[in-house]
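S.K.: One structure, pasted below without further comment.
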Amino acid sequence: MAMLSDISPKGRGDRRPPTQIELKLRRKARVSATIRYGLLTLIGLLMVYPLIWLIGASFKTNAEMFTSPSFWPNEPTVQGYIDGWKTSTPYTFGKFFLNSLWIIIPKVIGTAISCTLVAYGFARFEFPFKKFLFASVIATLLLPNVVTRIPQYLLFRDIGWLDSFLPLWVPSAMAGDAFFVFMIVQFLRAIPRDMEEAARVDGATTLQTLVYIVVPMLTPALISVCLFQFMWTMNDFLGPLIYVSSVEKYPVSLALKLSIDTTEAFAWNQILAMSVLALAPSLTVFFLAQKYFIEGISAGGVKG
Amino acid sequence: MAQLQLRSVEKTYGNGFKAVHGINLDVKEGEFMVLVGPSGCAKSTTLRMIAGLETITGGEIRIGDQVVNDLVPGKRGIAMVFQNYALYPHMKVRRNLSFGLKLKRIPKDKIEEATQEVSSILEIEQLLERLPKQLSGGQAQRVALGRALIKHPEVFLFDEPLSNLDAKLRASMRVRITDLHKRLRNEGRPATVVYVTHDQVEAMTMGDRICVMKDGHIMQVDDPATLYERPANDFVAGFIGMPEMNLVPCALSRNGGLPVLSAGSQQITVGDGLADRLKAEDGKVTLGIRPQHLSVVPAGTDGAFNGTITNLEFMGHEVNLHADVDGAAFVAVVPSEDFDNNLKRGDKVGLRPDGRRIHIFDAASGANISLS
């Protein structure tokens, strides 16, 4: 029987009561964590509150909108969505979403292809004036957009592209966005060349190497490029405002303004409802691609 | 399979740096040629020029009967194994192996057959459906080897393929590669191989012949035994062999026909037929003697340098004895059973070179002037 008591003390020893100092340290850690997380939650809520309010308010009636400060609707209604979707024009909001899509799709695809080609050239090949050319591409990054608005407008007017989607996506589809070129170049620089050399030894042409070897390795960067381009285009207001004049061709960003213009008494609930819808695609795409997106913008950490 | 010829091949970079100085090299059909040298000796550049990954600025490279100077790598009939394996990270092993064949539009069933054959030779059948990141270093290296093998190239190029592996794996891969080379030879399809390494053990154990390079020049091309026994110059003598050959500046003179070597204030007269081999007048030379060919004798013995022991390294089967002879450092390797265990640091000993194994190098040019 004496043996049994000899076996167990190990567990007993571990369960000795904590000392005063240990208790104090634990309490300190707990208090510190509470303060930290409390503060973070508070600031986080503060940041996200307008969005929460927006979503809440889109389910309110127009009358309730400014009477109650709470974001929670008293009598939830989807009337805002129904009326907002119909719009005061002959077109539904669906039409405007489609218009946005017709700009975004060619722009995103064009950007991905053209920027990859240009970046591949800069990152992997030697050619005359390469340094100067790359410097000029980067220099356009520093150029304020406003400076080129008027000459660009005149140019597109002369080509006859006004009131079409072309001015909105063609420049980007020709690697006009230096930022993306730069991003891919940086990403490519971090990828060792061995794989491309192996492909050349395997008999691949330059284009085959690009398509079969480089592009798959570039995927995270390309996803970020597409995502950025998608969100920026979706949210772009100034571009369509300048180049698109007929309501029939309005993208979502312009169409939102439409409801403000044409109604005497602003139907805020409709505007907010449509704003929520306009936000939805960007948010959805972002959360779906978040993993790759983060991989893509932390370009330096790529392993071969 | 084909022979490979380099004729006065030069490489000058855009900034004017000349990396390769008109080298000539013949690799026979089915031969395993190792390019070896210290870092920066342009051995990898030479290999990359053969592969076509680096342009050449002078001379001619021939594979078989064809001058390949202006051919792209894919058309040269070569396959290359890279130091970092360079497997395509997004493709499974199977696709990694077959990628080159697919580009050549070889029918699917032929590709499948070739994949099976190569993967059974290299024992990677169970890895075919894995991605490169799921492979260990040794497995990845075997896949890289398979990717070269599957193409049945005219010439295999290896760029330090084993330097990323640990010592044990390296030894087994070394055997695997030489076995493979022999096997292909026995099967009647000998593989011409150019293998770059900085590791002299790899060079000595694997190469049919070894090409020792330094600063873009070829120092000597010979089989391992000749390289070891009859180095053409002091660089090759110092590069091949472990521990390094003792190279000591000496003055050469004669005493009644026998050569006399003076190092510092000491002189030894060397018999054993060195006089017959010497092709030089008296003057400044470099004495070369391998640590294994120095015997440790009591201080003051005839024909031996007298020195002080500076360090003793017990290696198990042998002892490395470091000694200082009038400011010149000597290393002698003594089998453990012959070693006098009473010797310790600071003791005086005599080091007697074996006259038959002495090399004498011209002090100015470094050329071996004692080859019979």
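The values are calculated or read from the model by the stated rules, or taken from the named source; none is laboratory data. Treat the numbers as computed from the prediction; the structure is a model and nothing was measured. FYI the Cβ positions are ideal-geometry reconstructions off the backbone, even for glycines, and counts take in every protein chain you see. The protein model used for the area step is the full one, side chains on, heavy atoms only, and it has no ligands, DNA or RNA in it. Shrake-Rupley method; radii C 1.70, N 1.55, O 1.52, S 1.80 Å.
S.K.: Taking segment B:54-75, which residues are of a type outside the set (A, V, I, L, M, F, W, C) and more than 14 Å from chain A (Cβ to nearest Cβ)? Before the answer, list the steps.
M.R.: Within segment B:54-75, the first condition is being of a type outside the set (A, V, I, L, M, F, W, C), and the residues that meet it are B:54-55, B:57-60, B:62, B:64-66, B:69-70, B:73-75.
Those that are of a type outside the set (A, V, I, L, M, F, W, C) and more than 14 Å from chain A (Cβ to nearest Cβ): B:THR57, B:GLY58, B:GLY59, B:GLU60, B:ARG62, B:GLY64, B:ASP65, B:GLN66, B:ASN69, B:ASP70.
S.K.: Shifting gears a bit: So B:MET80 clears everything in (1) under 25 Å from the mean Cα position of the chain (by Cα); (2) without any contact (Cβ under 8 Å) to a residue 60 or more places away in the chain; (3) within 10 Å of chain A (Cβ to nearest Cβ); (4) not in a loop (DSSP other than H, G, I, E, B) except one condition, right? Which one?
M.R.: In the conditions (1) under 25 Å from the mean Cα position of the chain (by Cα); (2) without any contact (Cβ under 8 Å) to a residue 60 or more places away in the chain; (3) within 10 Å of chain A (Cβ to nearest Cβ); (4) not in a loop (DSSP other than H, G, I, E, B), B:MET80 misses (2) alone.
S.K.: Oh, and also: Just checking, which of A:LEU40, A:LEU46 is under 21 Å from A:SER275 (Cβ atoms) and open to solvent by 100 Å² or more (accessible area, probe 1.4 Å)? Even if it seems obvious, please write down each step before you answer.
M.R.: Details: A:LEU40 fails: under 21 Å from A:SER275 (Cβ atoms).
One residue alone meets the criteria, A:LEU46.
S.K.: If you don't mind, another one. Counting only residues that are of a type in the set (Lys, Arg) and crowded, with 18+ Cβ neighbours inside 10 Å, which one in segment B:130-163 is nearest to B:ILE177 (Cα to Cα)? Before you say what the answer is, go through the steps one by one.
M.R.: We begin by selecting, within segment B:130-163, every residue of a type in the set (Lys, Arg); these are B:130, B:133, B:142, B:147, B:151.
In the following step, the residues that additionally are crowded, with 18+ Cβ neighbours inside 10 Å were identified as B:142, B:147, B:151.
Working: B:ARG142: 10, B:ARG147: 14, B:LYS151: 16 Å.
Among those that are of a type in the set (Lys, Arg) and crowded, with 18+ Cβ neighbours inside 10 Å, it is B:ARG142.
S.K.: Restricting to segment A:204-220, name every residue that is surrounded by fewer than 22 Cβ atoms within 10 Å (Cβ to Cβ) and within 7 Å of chain B (Cβ to nearest Cβ).
M.R.: A:GLN208, A:PRO216, A:MET217
S.K.: Another question, if that's okay. Considering only residues of segment A:142-158 that are open to solvent by 80 Å² or more (accessible area, probe 1.4 Å) and β-branched (Val, Ile, Thr), which is farthest from the chain's Cα centre (by Cα)?
M.R.: Quick first cut of segment A:142-158, residues open to solvent by 80 Å² or more (accessible area, probe 1.4 Å) only: A:142-143, A:145-147, A:150, A:155, A:157-158.
Cutting the leftovers down to β-branched (Val, Ile, Thr) gives us A:146-147, A:150.
Details: A:VAL146: 23, A:VAL147: 25, A:ILE150: 28 Å.
Selected residue: A:ILE150.
S.K.: A further question on this structure: How many of the residues in segment B:339-362 are open to solvent by 100 Å² or more (accessible area, probe 1.4 Å) and either on the phi > 0 side of the Ramachandran plot or within 29 Å of the chain's Cα centre (by Cα) (or both)? Explain how you work it out, then say what you get.
M.R.: Our first condition is that a residue be open to solvent by 100 Å² or more (accessible area, probe 1.4 Å); within segment B:339-362, this holds for B:341-342, B:344-345, B:348, B:356-357.
Add one more test, that the residue is either on the phi > 0 side of the Ramachandran plot or within 29 Å of the chain's Cα centre (by Cα) (or both), and what stays is B:356-357.
The total comes to 2.
S.K.: Need pairs with beta-carbon distance below 7 Å; first residue assigned to a helix (DSSP H, G or I) and within segment A:36-62, second open to solvent by 100 Å² or more (accessible area, probe 1.4 Å) and of a type in the set (Phe, Trp, Tyr); sequence gap 6+ or separate chains.
M.R.: These pairs meet every condition: A:GLY56/A:TRP72.
Here is a yes/no grid of residues against (1) assigned by TED's automatic domain parsing to the domain that holds B:SER253; (2) at pLDDT 90 or above; (3) open to solvent by 30 Å² or more (accessible area, probe 1.4 Å):
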site	(1), (2), (3)
B:ASP276	yes, no, yes
B:ARG290	yes, yes, no
B:GLY307	yes, yes, no
B:LEU312	yes, yes, yes
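S.K.: State yes or no: is A:ILE150 among the β-branched types (Val, Ile, Thr) and within 14 Å of chain B (Cβ to nearest Cβ)?
M.R.: On the way: among the β-branched types (Val, Ile, Thr): yes; within 14 Å of chain B (Cβ to nearest Cβ): no.
Here the answer is no, as A:ILE150 does not meet what is asked.
S.K.: Scan segment A:79-112 for residues that are hydrophobic (A, V, I, L, M, F, W, C), open to solvent by 30 Å² or more (accessible area, probe 1.4 Å) and in contact (Cβ under 8 Å) with a residue 24 or more places away in the chain and jot them down.
M.R.: Start the filter on segment A:79-112 by keeping residues that are hydrophobic (A, V, I, L, M, F, W, C), which leaves A:82, A:85, A:93, A:96-98, A:101-105, A:108-109, A:112.
Narrowing further to those that are open to solvent by 30 Å² or more (accessible area, probe 1.4 Å): A:82, A:85, A:97-98, A:101-102, A:105, A:109.
Listed by number, the residues that qualify are A:TRP85, A:PHE97, A:TRP102, A:ILE109.
Conditions (1) closer than 27 Å to B:THR205 by Cα; (2) open to solvent by less than 30 Å² (accessible area, probe 1.4 Å), marked per residue:
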| residue | (1), (2) |
| --- | --- |
| B:ALA19 | no, yes |
| B:GLU54 | no, no |
| B:LEU71 | no, no |
| B:GLU112 | no, no |
| B:VAL118 | yes, yes |
| B:GLU123 | yes, no |
| B:LEU127 | no, yes |
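S.K.: Kindly indicate the residue of segment A:187-203 that is more than 7 Å from chain B (Cβ to nearest Cβ) and open to solvent by 20 Å² or more (accessible area, probe 1.4 Å) and also farthest from A:GLY121 (Cα to Cα) among those meeting that condition. Break it down into steps so the answer makes sense when it comes.
M.R.: Restricting attention to segment A:187-203, the residues satisfying the condition of being more than 7 Å from chain B (Cβ to nearest Cβ) are A:187-191, A:193, A:196, A:199.
With the extra rule that they be open to solvent by 20 Å² or more (accessible area, probe 1.4 Å), the set shrinks to A:189-190, A:193.
Numbers: A:ARG189: 12, A:ALA190: 15, A:ARG193: 13 Å.
By that ranking, first place goes to A:ALA190.
S.K.: Looking only at strands (runs of 3 or more DSSP E) that fall completely inside segment B:269-353, which ones have 1 or more residues that are without any contact (Cβ under 8 Å) to a residue 12 or more places away in the chain?
M.R.: Working: elements: B:283-289, B:294-297, B:305-314, B:318-325, B:328-335, B:348-353.
Output list reads B:305-314.
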